[in-house]
Amino acid sequence: MRKHILIAILFLHYPTFAKESVLIENVTVVSSHLQRPLQKAHVLIADGRIKTVSSSNIKKTVDTQVIDGTTLYLAPGIMDSHVHVSSIPGMGFGVEPVAQKNGALAEDYYKQQPYSFLYYGITQVVDPNPGLEWTKFTSSKVHPDYYRCEVITARSTFPLVEKNDELSKSMFSYIVEQDVAETALNSPEQIVKRIAESGASCIKVYFEDGYGDESQWPLLSDDTLKRIRKSALPHKLPLVAHANALDMYQRAIDAEVDVIAHGLWNWGEFWRETEVSKPMHGVINQLMSKSIGYMPTQRVIAGLGELMLHNSHGIPEFSKVTPKELLEWYKQPSAQWFKEELRAGFDELPDEVIARIFLKDRMGKGNKILQTLTEAGYPLLLGSDFPGSPSFSNQPGLTTFLEMKAMADAGVSLVAILAAATINNARQFNIDEDYGTVEVGKVANLLLLKQNPLTTVDAWSNIHQVILHGEVFDRTDFAADTMANKALQRTSR
Ligand SMILES: [Zn+2]
């Protein structure tokens, strides 16, 4: 008797007792491989993959879950190729002091985080600095497909040089010793080999000599970079670079990286220089001629600016992606530490002025570069760098959507945004055989949208259902504030 009740409860709360296949009828397919959306299509999903895409009816059995797609649009799931799942908005990485001090809040956050990405239709992520908590993300029973880069750094270079406690330093395990004698274990070649063996999908290197106009930190040496570049090739590991200033961009291009993981927003004098100069066009042309991937990451800048505005922790969308207790914590004085750091960094300028520096000047500069690339028809990559900083203005999932909106605001076309969010990212990270389009054979990570994403960017947030490896979820299943989500969490491993 007891057993029966238990089974009944499981049936009520957990949707895995799904039918063997899913058939979506009369749907409009939106996918970058199509010249125009395919109307009245029938799409069959089985064993987690797309089995058939057809203009004529597909036979169904009793084991087929049928979805009427008459008013819906079927698009590939979104891929954000720059997120940090170990980093908690408002706290920093899990090993850092603020997160350590607020352990229970941090754990709640990590539990909700995978669902928050899915709530916004993000079904694949690349994490270029996974820290130590990424396994919390992948051990959630339901989570976006997860790919990671591993960071190669040296003790004297960013980001290791910026961390000042031992626990934070423990985030980095691939350290080249540029200053002491090389051993068989710490040569760049051996480190790249170890990264490949760890199952990582890419390598991240930092070109950061100081924030803003500062330049106090050394970079990895040319010799080290050359050896990393050379040994990454046979392992097919793309080289992803952190760079956002003009001089750092040049260094990254010279090091023949595959992707630059930040927009070029750090150039010229504040306010005065707003036009793309000749030398800058030179750098952008090099980037394009070497086919280096470009991630605008405008939300990094927006997140810093919005933090300085009064109600930055009050927008209603947060309640869908952020645990309530964490939202309450953001209002506490102790949660304002990063805001205070920013104020100090800007010599106590008024908050509104600091906000304007980010939201108008820096974002304006990022937009200019986006426009230049867009005019040249250069393909972009969707990468939000969520959360981008310890700012609590960026929240999981929502940030990726806002990044897409920022691209639209900068003048990037909806066709280009679709490609950036799907096939371009899949190609750049060598997973386009499985992801990026609605085509037969690909993994069934798909979205059923209520609006056409080629008509409005808001369609990406008007999600009816999320399909993950062929399993159909209602969007509300993932919301931080619904009971359905609580049920999902209870059954998680
Ligand atoms: Zn990042």
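The values are calculated or read from the model by the stated rules, or taken from the named source; none is laboratory data. Quantities reported herein were computed from a predicted structural model and do not represent experimental measurements. Heads up, the Cβs are rebuilt from the backbone with ideal geometry, glycines too, and the neighbour counts pull from every protein chain shown. With ligands, DNA and RNA removed, areas are computed over all heavy atoms of the protein, side chains included. Shrake-Rupley method; radii C 1.70, N 1.55, O 1.52, S 1.80 Å.
Below are the figures for this structure:
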{"read-out": "Selected residue (only one of E403, E375 is touching a helix residue (DSSP H, G or I) at 6+ places or on another chain (Cβ under 9 Å) and within 20 Å of L264 (Cβ to Cβ))", "value": "E403"}
{"read-out": "Entirely in region 302-395, the helices (runs of 4 or more DSSP H) that have 1 or more residues that are more than 16 Å from the ligand (Cβ to nearest atom) and within 26 Å of A243 (Cβ to Cβ)", "value": "337-345, 351-356, 363-375"}
{"read-out": "Condition broken by W337, with the remaining ones in (1) among the hydrophobic types (A, V, I, L, M, F, W, C); (2) open to solvent by 30 Å² or more (accessible area, probe 1.4 Å); (3) farther than 14 Å from P390 by Cα satisfied", "value": "(3)"}
{"read-out": "Candidates S413, S391, filtered to the one that is of a type in the set (S, T, N, Q) and at pLDDT below 95", "value": "S391"}
{"read-out": "Some residue of region 111-126 being outside the structural domain of E317 (by TED's automatic domain parsing) and open to solvent by less than 10 Å² (accessible area, probe 1.4 Å)", "value": "no"}
{"read-out": "Check on N266, modelled with pLDDT of 90 or more and within 16 Å of the ligand (Cβ to nearest atom)", "value": "no"}
{"read-out": "Matching residues, region 89-105, being buried (at least 22 other Cβ atoms within 10 Å of the Cβ) and closer than 11 Å to A335 by Cβ", "value": "P89, G90, M91"}
{"read-out": "Scan of region 432-458 for residues that are surrounded by 20 or more Cβ atoms within 10 Å (Cβ to Cβ) and part of a helix (DSSP H, G or I), ordered by number", "value": "V457"}
{"read-out": "Scan of region 48-88 for residues that are in the same structural domain as T455 (by TED's automatic domain parsing), within 26 Å of the chain's Cα centre (by Cα) and open to solvent by 10 Å² or more (accessible area, probe 1.4 Å), ordered by number", "value": "G48, R49, L72, Y73"}
{"read-out": "Search result, residues across region 146-192 that are of a type in the set (A, V, I, L, M, F, W, C) and touching a residue at least 24 places away in the same chain (Cβ under 8 Å)", "value": "C149, V151, I152, A154, F158, V161, L167, M171, V176, I191, V192"}
{"read-out": "Output for region 243-263, where each listed residue is away from the ligand (no atom under 16 Å from the Cβ) and of a type in the set (S, T, N, Q)", "value": "Q250"}
{"read-out": "Hits in region 459-473 - residues which are assigned to a loop (DSSP other than H, G, I, E, B) and touching a residue at least 40 places away in the same chain (Cβ under 8 Å)", "value": "H469, G470"}
{"read-out": "Scan of region 266-301 for residues that are part of a loop (DSSP other than H, G, I, E, B), in contact (Cβ under 8 Å) with a residue 40 or more places away in the chain and among the hydroxyl-bearing types (S, T, Y), ordered by number", "value": "T274, T297"}
{"read-out": "Unmet criterion (only one of (1) at positive phi; (2) more than 16 Å from the ligand (Cβ to nearest atom); (3) among the small types (G, A, S); (4) under 23 Å from the mean Cα position of the chain (by Cα)) for G210", "value": "(4)"}
